[in-house]
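A.B. asks: The structure under discussion is supplied below as C-alpha cells; questions concerning it will follow.
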Amino acid sequence: MLEYTTQTTLKVAASVCDRCQRRLTPEDMDWHEGLSLFRIAGYASVFGDGNAISLDLCPECVKEVLGQWIRISSPEVQ
Ligand SMILES: [Zn+2]
C-alpha cells in the first residue's frame, strides 16, 4: 500500500524578457518560441566556476540576437 504526502509545486506563470522587458504568459500565441536558459557553470567555465547563469528572451529578441545562427526549416522538411 502506498502512502502519500501533499507537496506544493511551482508553475511558470509569466516570463519577462531580459533584453526588452516584454512580458509573456502561457496564454500568448508565441509563448513557446521564447528562450529560457538556466545552467550551473562547471569547472574552468568562461562564466566562472560554479556560477549560475540564466537568461529569458522573448521570440523577437531570440531572432534579433541569435537569428543568424538559428536553423529554421519548414514543417514539411522536419
Ligand atoms: Zn525581448
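A.B. asks: Have a look at Tyr43, Tyr4 and point out the one that is part of a loop (DSSP other than H, G, I, E, B), more than 10 Å from the ligand (Cβ to nearest atom) and modelled with pLDDT under 95.
C.D. replies: Numbers: Tyr4 fails: modelled with pLDDT under 95.
Just a single option satisfies the conditions, and that option is Tyr43.
A.B. asks: Are any of the residues in the range 1-13 under 23 Å from Ile70 (Cα atoms), open to solvent by 50 Å² or more (accessible area, probe 1.4 Å) and of a type in the set (S, T, N, Q)?
C.D. replies: Of all residues in the range 1-13, those under 23 Å from Ile70 (Cα atoms) come to none.
Within the range 1-13, not a single residue is under 23 Å from Ile70 (Cα atoms), open to solvent by 50 Å² or more (accessible area, probe 1.4 Å) and of a type in the set (S, T, N, Q).
A.B. asks: For the structure I just gave you, tell me whether Trp69 is within 16 Å of the ligand (Cβ to nearest atom) and aromatic (Phe, Trp, Tyr). Spell out the reasoning first.
C.D. replies: Working: within 16 Å of the ligand (Cβ to nearest atom): no; aromatic (Phe, Trp, Tyr): yes.
It is false that Trp69 is within 16 Å of the ligand (Cβ to nearest atom) and aromatic (Phe, Trp, Tyr).
A.B. asks: Which ones in the range 12-40 are assigned to a loop (DSSP other than H, G, I, E, B) and within 13 Å of the ligand (Cβ to nearest atom)? So that I can check it myself, show each step before the final result.
C.D. replies: As a first pass, look at the range 12-40 and keep what is assigned to a loop (DSSP other than H, G, I, E, B): 12-14, 17-22, 25-30, 34.
Within the range 12-40, Cys17, Asp18, Arg19, Cys20, Gln21, Arg22, Asp28, Asp30, Gly34 qualify.
A.B. asks: Still on this structure, please answer the following. Being in contact with an Asp or Glu (Cβ under 8 Å, 6 or more places away or on another chain) and closer than 13 Å to Val16 by Cα is the filter here; which residues of the range 38-56 pass it? Full working, then the answer.
C.D. replies: At the first step, the residues of the range 38-56 found to be in contact with an Asp or Glu (Cβ under 8 Å, 6 or more places away or on another chain) are 41-43, 55-56.
If the condition is that a residue be in contact with an Asp or Glu (Cβ under 8 Å, 6 or more places away or on another chain) and closer than 13 Å to Val16 by Cα, then Leu55, Asp56 are the ones that fit.
The values are calculated or read from the model by the stated rules, or taken from the named source; none is laboratory data. Note that the structure is a prediction, hence the values are computed from the model and not measured. All Cβ positions, even for glycine, are placed from backbone atoms using ideal geometry, and neighbour counts span all protein chains on display. Accessible surface areas use protein heavy atoms only, side chains included; no ligands, DNA or RNA. Shrake-Rupley method; radii C 1.70, N 1.55, O 1.52, S 1.80 Å.
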